[in-house]
Amino acid sequence: MEKIFTRPESLLDVPTHYCAGCGHGVVQRLIAEVIDSLGAREKTIGIAPVGCAVLAYNYFDFDMSEAPHGRPPAVATGIKRVHPENLVFAYQGDGDLAAIGIAEIIHTANRGENITVIFVNNAVYGMTNGQMAPTSIMNQKTITTPQGRTSSEGYPLKVCELLSVLDGSSFLARVSTSTPENIRLTKKTILKGFTTQIEKKGFALVEVLSACPVYLRMEPEESLKFIDNEMTKTFPLGVFKDWETNNS
Amino acid sequence: METKHLLTGNEAAAEAAIIAGCRYYYGYPITPQNELINYLATRMPQVGGTFIQAESELAAINMVYGSAAAGARTMTSSSSPGISLKQECISYMAGSELPCLIVNMQRGGPGLGDISTSQADYFQAVKGGGHGDYRIIVLAPSTVQETADLVYDAFDIADKYRNPVMVLGDAQIGQLMEPVVFHKERKNNVADKPWALTGSKGRKKNIVKSFYPVKGELEVFNKKLQEKYKRIEDNEVLFEDLNTNGADVVLVAYGTTSRICKDVINKYESGNHQLGMLRPISLWPFPTKKIREISESAKAIITIEMSAGQMVEDVRLAVEGRCPVHFYGRTGGGIPTPKEILKKIDELGF
Ligand SMILES: Cc1ncc(C[n+]2csc(CCOP(=O)(O)OP(=O)(O)O)c2C)c(N)n1
Ligand code: SF4
Ligand SMILES: [Mg+2]
């Protein structure tokens, strides 16, 4: 019988520690599939963040580095400058990228560093038990915004929009894991994020709206609806910049 | 004949790094190390290297982390406040066993302090600086020539032990101009780096990390680190011994203050009393055994520093009460003068 669905070579056959319904596992599988499709497993170097995805280096089957919280873009820069022909990507959560690491992501994008960033926006700090993230939406209840986020906590940070004004960024898109259709689009967009690098077109970032049902305090299914019905109002899906179509 | 160059300590450190094969420099401007970053901005591209003026010291040291993980010789430089910012990542590098060079040309603190010379970052440099049980190797030059020589050695030692190395100078060493010779015939001992991230072609994947979440794993790893530190303590102690054998009074000083102490020794006339100096070159590992040996026969030891008294604590730990340990120091840009040091010696009443 023909096998039509199998584990990507770039993903090891090990159990992950993600909660049921978590988006991280989905995104990582898509990355692995894309890297397989590019035949790039043996030249890929990934950087795992500090956040729920910290152990991603145990799941992918290619060279991986850890990075201090928020610093994957700087670590990726240091790696890419040494190995410009390798495929280098940073995987980051919203606290990692948009709070503590906002300076690094802006400057790495602004330098037009030829790397790919996969940015998992789950609107909350997963690893540290559900505090507000810079991307938590208005009125969203978290442990540190028990009454819901108000303007005194500031407004949800729109990373793609922010980076799109920089001359150094080349490809910026926001996608989601809420439906099979969206997941297929996410895979295509991640592929574009990597081909941007392969073609030496500079900095690419793919923001993936992803579910953290545990700290949204929702059933997994409900958390996917939250992405579609609530998150996308603040974070519209789409391509914000594309070197190929000059869209910006 | 070898060519002599007239350079600042900062420039000498930069050129020595190039000769040592460092091709990845990441830094952020701060006085009194600006001559270093400025020099490499021109020099790195000439040798096909990477120079990035990073957005902060944080970013700079994390770029160093990346290039070190990728297997390259790499460095950053800064001065006191900037070194404080780098500490989290230095701890990560020690934990991930990544080699690199960090140059710290110390200035006055705490806080923004001033840009004049200081040795007040001794504790930060030799006691860890960041979080966790770790050590970095700290080498302290006292001349421009020695700055070049130690930078060169630092890369070899860092690779040998897979550990960050700091060259700890001060504003004086960094900005002073002296003749320097670059020993181009010296061989770099670039270690094999089978652990480096290069892409996993033809081998199992490599992981560079310092995270050991499974209970018990971190303790095993920390023991391994401590064993490495013991090997470093056994093999990498460096010092200069100036007439300590049979000396009644021994001055202990490093870097800029050791130059002043040398002057004192050359000028000192004390009848029947002999004066010597021990100059630690490696501040960690510290020349504990040597100082212990000195304390068996010396009548007194005086530690001279540009701080309120930091290295003196390590001297006391080495001496363990075998002889009195005195201290004279100046802070905030103050430099101990030969006259002040002589007065301190006189006060001992020999
Ligand atoms: C310097 C530092 N500050 C704080 C932390 C604690 N910390 C770990 S992960 C995290 C937030 C993670 O949130 P996010 O990046 O959104 O990732 P998620 O877990 O949601 O995927 C924080 C604050 C840390 N490890 N290091
Ligand atoms: S806490 Fe949230 S982000 Fe973390 S693994 Fe669980 S579901 Fe995923
Ligand atoms: Mg998050």
### Message
Taking a ≥ b ≥ c as the square roots of the Cα gyration tensor eigenvalues, with a/c under 1.5 meaning rounded and otherwise prolate when a/b beats b/c, else oblate, which class fits region B:1-57?
### Response
oblate
#### Entry: Taking N as its residue count, the alpha carbon Rg of region B:239-346 over 2.2 N^0.38 Å
0.95
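In debye to the nearest 20, how big a dipole does region B:239-346 give about its Cα centre with +1 on each Lys and Arg Cβ and -1 on each Asp and Glu Cβ?
140
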## Note on the structure
For chain B, whose charge dipole is built from +1 on Lys and Arg Cβ atoms and -1 on Asp and Glu Cβ atoms, the candidate among B:222, B:207, B:44 with its Cα farthest towards the positive end is B:207
### Message
Run the reach check for residue B:339 against aspartates and glutamates, Cα to Cα strictly under 20 Å, same-chain hits fewer than 8 apart removed. What comes back?
### Response
B:248, B:263, B:269, B:305, B:347
### Task
Go ahead and set up a Gaussian network model of chain B, Cα springs under 10 Å, then flag whichever of B:218, B:275, B:283 fluctuates most.
B:218
### Query
How big is the C-alpha Rg of region B:34-178 next to the rule-of-thumb value 2.2 N^0.38 Å, as a ratio?
0.97
### Message
Between residue A:38 and residue A:188, what is 0.36 nm times their sequence separation minus the Cα-Cα distance? Round to one decimal in nm.
### Response
52.8 nm
### Task
Take chain B, connect every pair of alpha-carbon atoms lying under 10 Å apart with a spring to form a Gaussian network, then pick out the residue of B:330, B:162, B:203 with the largest mean-square fluctuation.
B:203
### Message
Taking the Kirkwood radius as the inverse of the mean 1/r across Cα pairs, report the Rg/Rh of chain A.
### Response
0.94
#### Entry: Farthest toward positive dipole pole in region B:211-350 [+1 Lys/Arg, -1 Asp/Glu at C-beta], among B:274, B:284, B:315
B:284
### Query
Under 13 Å from a point 7 Å along the Cα-to-Cβ line of residue B:2: which residues of region B:156-192 have their amide N that close?
B:179-187
### Query
Which shape class, rounded, prolate or oblate, goes with region A:2-46 when its Cα gyration tensor gives a ≥ b ≥ c as root eigenvalues, a/c under 1.5 marks rounded, and past that a/b bigger than b/c marks prolate?
oblate
### Message
I'd like the projected area of region A:42-112, averaged over all directions, using the convex hull of its alpha carbons. Report it in nm² with one decimal.
### Response
4.3
### Task
Can you tell me the relative contact order of region A:26-126? Whole percent, Cα pairs under 8 Å, sequence separation 6 or more.
27
### Task
Identify all aspartates and glutamates with a Cα-Cα distance to residue B:215 below 20 Å; exclude those on the same chain that are fewer than 8 residues away in sequence.
A:66, B:133
### Contact order relative to length of region B:254-350, as percent, for alpha carbon pairs under 8 angstrom and 6 or more apart
30
### Query
What nm distance separates the two modelled labels at residue B:313 and residue A:228, each placed 7 Å from Cα along Cα→Cβ?
6.1
### Query
How would you classify region B:46-111 from its alpha-carbon gyration tensor, with a ≥ b ≥ c the square roots of the eigenvalues: rounded for a/c under 1.5, else prolate if a/b is greater than b/c, otherwise oblate?
oblate
### Message
Which residue, A:93, A:15, A:151, has the largest displacement toward the positive end of the dipole of chain A when charges sit on each Cβ (Lys, Arg +1; Asp, Glu -1)?
### Response
A:151
### Message
In 10 Å bins starting at zero, report the fraction of Cα pairs in region B:148-290 per bin as a rounded %.
### Response
9, 25, 29, 20, 11, 4, 1, 0
### Query
Cross-link partners among aspartates and glutamates for residue A:187, C-alpha distance below 15 Å, same-chain residues fewer than 8 apart left out?
A:33, A:36, A:207
### Query
Over all Cα pairs of the protein assembly as shown, how is the pair count split among 10 Å bins, expressed in % and running from 0 up to the last occupied bin?
3, 16, 24, 22, 16, 10, 6, 2, 0, 0, 0
## Note on the structure
Output for region A:18-121: GluC sites (Glu not before Pro) sitting in coil per DSSP, at most 11 other Cβ within 10 Å, listed by number, reads A:85
## Note on the structure
Here the gain from full extension of residue B:114 to residue B:212, 0.36 nm per residue of separation minus their alpha-carbon distance, amounts to 31.3 nm
### Centre separation in Å (Cα based) which lies between region B:45-84 and region A:144-186
30
### Summary
Relative contact order of chain B (C-alpha contacts under 8 Å, at least 6 apart) in percent is 17
### Task
Just flag the GluC sites (Glu not before Pro) in region A:181-248 sitting in loop per DSSP whose Cβ has no more than 15 other Cβ atoms within 10 Å.
A:199, A:244
#### Entry: Loop trypsin sites (Lys or Arg not before Pro), region A:145-248 (other Cβ atoms within 10 Å of the site Cβ: 14 or fewer; DSSP)
A:200, A:217
### Message
I want to check the label-to-label distance for residue A:155 and residue A:6. Put each point 7 Å from Cα in the C-beta direction and report it in nm to one decimal.
### Response
5.0
#### Entry: Distance in nm between pseudo-label sites at residue A:17 and residue A:128 (7 Å out along the Cβ direction from Cα)
1.7
### Query
Most fluctuating residue of B:240, B:313, B:217 in a GNM of chain B with Cα springs under 10 Å: which is it?
B:217
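Every number in this text was worked out from the coordinates using simple rules, so none of it is lab data. Quantities reported herein were computed from a predicted structural model and do not represent experimental measurements. Cβ: placed from backbone, ideal geometry, glycine included. Neighbour counts: every protein chain shown.
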